1. Which residues, counting only those in segment 14-36, are touching a residue at least 24 places away in the same chain (Cβ under 8 Å) and either farther than 19 Å from residue 62 by Cβ or outside any helix (DSSP H, G or I) (or both)?
2. In the list 16, 39, 47, 66, which residue meets the criterion of being under 11 Å from the mean Cα position of the chain (by Cα) and modelled with pLDDT of 95 or more?
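The values are calculated or read from the model by the stated rules, or taken from the named source; none is laboratory data. Keep in mind that what you see is a predicted model, and the values were worked out from it rather than measured. Positions of Cβ are backbone-derived with ideal geometry, glycine not excepted, and every protein chain shown enters the neighbour counts.
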């Protein structure tokens, strides 16, 4: 099982790869970890869910959703090695 620190750093990288600025990437990563979002949930993300998680900048939402699709198509290889289910 991944530690919170490892999971958070993996989500930070995910958000940075999506083009999110570093400071917001940390904030978003903490929110994902706090809400126990897992890599196998990427395709379940929506604008409404993102807003519930505190992600309200529309450009960020679009970038994250696009990146989530890309990661999903790649089989989650970008984050699957470090984000284990709880």
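1. Scanning segment 14-36 gives 18, 19, 20, 33, 36.
2. It is 16.
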